[in-house]
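Just so it is clear, none of the values below were taken in a lab; they were calculated from the coordinates. Owing to the predicted nature of the structure, the values given are computational and were not obtained by experimental measurement. Don't worry about glycine lacking a Cβ; one is built from the backbone with ideal geometry, like all the others, and counts go over all protein chains shown.
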Amino acid sequence: KRPVVMMKTTISKNLYFAYILVDLIVIVASFFLGDLWLLNTQVAFASSMLITMASFLSYKRMVNARVSSGDLGDDRDLLDEIEDPHKLYEEEEKEPQKIGFKQGAKNLVSSYKGALSPYRIASYGLLCLAVLFLIRHNYFDGIAFLVGLGVVPISSLVGLWFIEKNKEFA
């Protein structure tokens, strides 16, 4: 179990490094584009990081609650991850199960806690308040704000791409 935890920590550190690196690039570019760019990009970046951390925390709590209650889903999903050199766990191929309305509704009800957690709602509320503050004081620049919001998702995409590339060569 230790290597899995270490690998997740390494991925988290790499992603945070990517966030900071891309934000530093945006900060340097903002020095050439003006003070409003710097203000808007950094307010947006901070809001985006709060939303990301709140989402992570709420889904982590939801998964931990499911694990502690024993609601782990179908064990056949775990068989795909087990190395089986002697073909002990082979099953006949079955057609994929279609998720009906009842199962879809059950999944929605069980995952709403992650989507509607107080942390996420508060972080989105802070984002809205930040935008309203910038607009009220005539500091809002839409393009700069969108660039600042894009730092986290773009950094995540690029960071995970580099992590996957490094796995291929390791």
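Rounded to the nearest whole Hz, the Karplus-based 3J(HN,Hα) values (6.51 cos²θ - 1.76 cosθ + 1.60, θ = phi - 60°) of the range 130-143 follow the sequence 5, 5, 4, 4, 5, 5, 4, 9, 6, 9, 6, 10, x, 5, with x at glycine and proline.
Taking 0.36 nm per residue of separation and subtracting the Cα-Cα distance, full extension of the segment from Ser69 to Leu116 would add 14.9 nm. Full extension of the chain segment joining Lys13 with Val158 gains 50.8 nm, where the gain is 0.36 nm per residue of separation less the Cα-Cα distance.
Under the simplified labelling scheme, the Ile25-Leu126 pair shows an inter-label distance of 2.5 nm, with each label point 7 Å from Cα along Cα→Cβ.
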